[in-house]
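Remarks on the structure that follows.
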Amino acid sequence: MFLNKIVDQTRIDLVQRKLELPQEQLQQIALEQPRPRDVLEAFEPRDKVHLIAEVKRASPSKGMLAPDLDPVETALLYERHGASVISVLTEPHFFLGSPEYLTAIKNAVSIPVLRKDFIIDEYQVYEARAWGADMILLICAILDDQQLRHLLQRATALRMRVLVEVHSREEAQRAIDAGAMIIGVNSRNLTTFEMNPYLLRDIRQMLPENRIIVAESGIHSETDVRRLARYDVQAMLVGESLVVSNNIPDQIGMLLQSTTHSMQVKICGLHDTEGIDAAVEAGADMLGFIFHEPSHRYIAPEQVPALLQTRQSYSQPPKGQLRPDLVGVFVNKDVNYINDVVEQAGLHYVQLHGNESPEFCQQIKRPVIKALALNEQADLEKLAAYQEVTWRLLIDTPTPDWGGTGRTSNWDLAHQAAQRSKILLAGGLTVDNVRTAIQQVQPWGIDVSSGVETNKQKDRQKIAAFVAQARSSMVGEQGRR
Ligand SMILES: O=C(O)c1ccccc1N[C@@H]1O[C@H](COP(=O)(O)O)[C@@H](O)[C@H]1O
């Protein structure tokens, strides 16, 4: 097994290195180093997705990636094009890494540098500092709780920061309990090399708000980054897709641009197979289900999993896509009912579309999207109380029917809201007006129901055209959160 092999090899190497340089001397060198660079500052502002760019020549899962890569030139290129931290492999046998790369890179760039290795012994922590690292990686899968705490404590005493890597809910809890402030969720299982692209979604909610969350592995495309922006990570650690690229600046540009310029699309009011297939195949990010009985779009909660299970489009989405997130829409329902439906229907988000108070929102077991109507300037003030306790705000048209009416909202007020928080814009969007809406309001995402229907049924062509139009409508950096 790969992990065992690499840890065994690390132990053998360590015996030799300790003979060459006893720990006492190494410790002295580590203590003489200038103070580490400020890693936490590198992840400011916290509501952006920062790039940890990795210098990696090979990997056991992919073999040779970029054997001729010049580590220092590559790191300098990463820094010039917007990386916040450089990750350097120092493991020599499986990743063709080297401590010399780390030191040379540290001397060349002015951003923090991470020692990415299989650290199992405090000797390696001192090495990292002696070589110039500002941050180290600790992998939960190869450490027990006592080792994890001990190595964290050693690194902290040397003023380094620690990226604690997890691969499951159980490891995430161990990282939290050990006091990890920077938690990396690695979608690649280090034992089987299998990818679980849903891992981050599955464990994101259990990670406390005050931690820095790093998404690791398999980040290649705009679609990948759009998902990360949905799970509110502070950083993405990217190696392979950078080093194999024949245009690294373009690849970095695409990844970073996608963190802010990529439009999240929710298709709402789905209740039949055709609608679900059309929304998934068009590449929708979120599927919305209406649990408000008077609506013609109503679906009983228990029907949702049953319906999704029958759809191959959902269980095995088209290449390059993943299963969208599921949103349940409720109007003035009881909190216990909502929390039961969350489990029953397997929801990832809850949209509250009635008069629910901020206190009510706090009792919901999933991140809340709170729908609010903006009639006049003064209504903007009510956003603040909800912003604190919800995941996103949704600006919809004020009507007695609550929502799904096909009437557009006040885009000027919505734009002002979008400058204050990440909003979803809803109400009367269609393929004909969505570009203007995006450019005028600059929302974080958009939500549509009526506008992609014909005779009250979801229309495959309208859905495809709507998603394509939304995605091609560029949003400027200015004014969008
Ligand atoms: O769609 C409904 O029937 C509905 C009922 C009750 C609350 C919200 C509802 N839909 C929401 O309305 C917007 C879509 O509006 P439009 O149809 O595109 O104008 C969206 O947020 C739905 O979740």
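Annotations
- Taken over region 442-463, the residue count meeting the criterion of being touching a helix residue (DSSP H, G or I) at 6+ places or on another chain (Cβ under 9 Å), within 20 Å of Ala418 (Cβ to Cβ) and either within 10 Å of the ligand (Cβ to nearest atom) or basic (Lys, Arg) (or both) is 3.
- For Thr436, the conditions (1) free of Cβ contacts under 8 Å to residues at least 24 places away in the same chain; (2) within 30 Å of Arg204 (Cα to Cα); (3) of a type in the set (Val, Ile, Thr) are fulfilled apart from (2).
- Flag if Leu383 is in contact with a strand residue (DSSP E or B) (Cβ under 8 Å, 6 or more places away or on another chain), farther than 29 Å from Gln344 by Cβ, part of a helix (DSSP H, G or I) and modelled with pLDDT under 95: yes
- Among the residues making up region 419-441, those that are more than 14 Å from the ligand (Cβ to nearest atom) and more than 21 Å from His353 (Cβ to Cβ) are Gln419, Arg435, Thr436, Ile438, Gln439, Gln440.
- In region 326-340, residue surrounded by the fewest Cβ atoms within 10 Å (Cβ to Cβ) [restricted to those that are part of a loop (DSSP other than H, G, I, E, B) and within 16 Å of the ligand (Cβ to nearest atom)]: Asn332
- Restricting Gly320, Gly288 to residues that are within 13 Å of the ligand (Cβ to nearest atom) and either among the small types (Gly, Ala, Ser) or in a loop (DSSP other than H, G, I, E, B) (or both) narrows the list to Gly288.
- Pair list, Cβ under 9 Å, 6 or more apart: region 331-350 residue in contact (Cβ under 8 Å) with a residue 60 or more places away in the chain, other residue among the charged types (D, E, K, R) and surrounded by 14 or more Cβ atoms within 10 Å (Cβ to Cβ): Val331/Glu356; His348/Arg201; His348/Asp325; His348/Arg366; Tyr349/Asp325; Tyr349/Arg366; Tyr349/Arg392
- Scanning region 245-273 for residues that are outside any helix (DSSP H, G or I) and under 26 Å from Lys422 (Cβ atoms) yields Ser262, Met263, Gln264, Val265, Lys266, Ile267, Cys268, Gly269, Leu270.
- Entry remark, region 304-317: residues being surrounded by fewer than 19 Cβ atoms within 10 Å (Cβ to Cβ) and either among the aromatic types (Phe, Trp, Tyr) or within 16 Å of the ligand (Cβ to nearest atom) (or both) number 0 in total.
- Selected residue (only one of Val85, Val49 is in contact with a strand residue (DSSP E or B) (Cβ under 7 Å, 6 or more places away or on another chain) and within 22 Å of Trp131 (Cβ to Cβ)): Val85
- Considering the conditions (1) over 17 Å from Ser87 (Cα atoms); (2) in contact (Cβ under 8 Å) with a residue 12 or more places away in the chain; (3) not assigned by TED's automatic domain parsing to the domain that holds Pro317, Glu194 is excluded by exactly one of them, (2).
- Identity of the residue in region 400-418, polar (S, T, N, Q) and more than 23 Å from Gly328 (Cα to Cα), that ends up modelled with the highest pLDDT: Gln416
- In region 341-361, the condition of being part of a loop (DSSP other than H, G, I, E, B), hydroxyl-bearing (Ser, Thr, Tyr), within 16 Å of the ligand (Cβ to nearest atom) and surrounded by 20 or more Cβ atoms within 10 Å (Cβ to Cβ) is met by no residue.
- Meets criteria (in the same structural domain as Thr399 (by TED's automatic domain parsing), within 16 Å of the ligand (Cβ to nearest atom) and not aromatic (Phe, Trp, Tyr)) for Ala300: yes
- Output for region 393-406, where each listed residue is of a type in the set (D, E, K, R) and more than 6 Å from the ligand (Cβ to nearest atom): Asp401
- Qualifying residue in region 189-210 (condition: of a type in the set (Val, Ile, Thr), surrounded by fewer than 21 Cβ atoms within 10 Å (Cβ to Cβ) and at pLDDT 95 or above): no
- Screening Leu152 against (1) in contact with a Lys or Arg (Cβ under 8 Å, 6 or more places away or on another chain); (2) assigned to a helix (DSSP H, G or I) leaves a single unmet condition, (1).
- Residue check for Arg115: closer than 15 Å to Asp134 by Cα and either over 28 Å from the mean Cα position of the chain (by Cα) or surrounded by 14 or more Cβ atoms within 10 Å (Cβ to Cβ) (or both): yes
- Scanning region 211-244 for residues that are touching a residue at least 24 places away in the same chain (Cβ under 8 Å) and assigned to a loop (DSSP other than H, G, I, E, B) returns Arg211, Ser217, Gly218, Ile219, Ser221, Tyr231, Asp232, Val233, Gln234, Gly239, Val244.
- Here Ile276 passes the criteria (1) more than 15 Å from the ligand (Cβ to nearest atom); (2) under 26 Å from Val431 (Cα atoms); (3) part of a loop (DSSP other than H, G, I, E, B) except the one numbered (3).
The values are calculated or read from the model by the stated rules, or taken from the named source; none is laboratory data. The model shown is predicted, which means the values in this text are computed figures rather than measured ones. All Cβ positions, glycine included, derive from the backbone under ideal geometry; neighbour counts span all protein chains shown.
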